[in-house]
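First comes the structure, then the notes that go with it.
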Amino acid sequence: MMNALTIAIEPGRRFGWLDAVAGGLRAAGRTLWQLLVKIVEHRRRKRMMAALAALDNHVLKDIGIGRSEIPYLVITGRNMADETKRQQRTMS
C-alpha cells in the first residue's frame, strides 16, 4: 500500500506542485526573517535616539555631537563633523 509519505520519498520522482509549495515556503520564511531583522534594527535605532535625546546639551557637547546630529549619528554610525572634515580633506 502506497501512502503520501511513500510516494514523496520515492527516488527520482518529482512532484512539481510540492516543489513549488516548498519553494514558496522558503521564500516566505526568508521574507519574514528579513522583516523581523528590519523591525529589530528599527527598534534598536529608536532606543539609541531616545537615549541620546534624553541627554542634556552639555553632555552631548562633551561627547562631540549636537542635538540635530543624533538621527544622522544613529542611522550612519558616523559623526557629521567628522564626515565634513573627511570630505574637506579629500577635496583639497
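Laboratory data are not the source of any read-out in this text; all were calculated from the coordinates shown. Given the structure is predicted, the values throughout are model-derived calculations rather than measurements. For neighbour counting, all protein chains shown are included, and Cβ atoms are generated from backbone atoms with ideal geometry for every residue, glycine included.
Note on segment 27-71: dipole from Cβ charges, positive end direction compared against LEU55, ILE39, ALA27; the farthest Cα belongs to ALA27. Size of segment 14-91: Rg and Dmax of its alpha carbons, in Å, are 21.3, 68.
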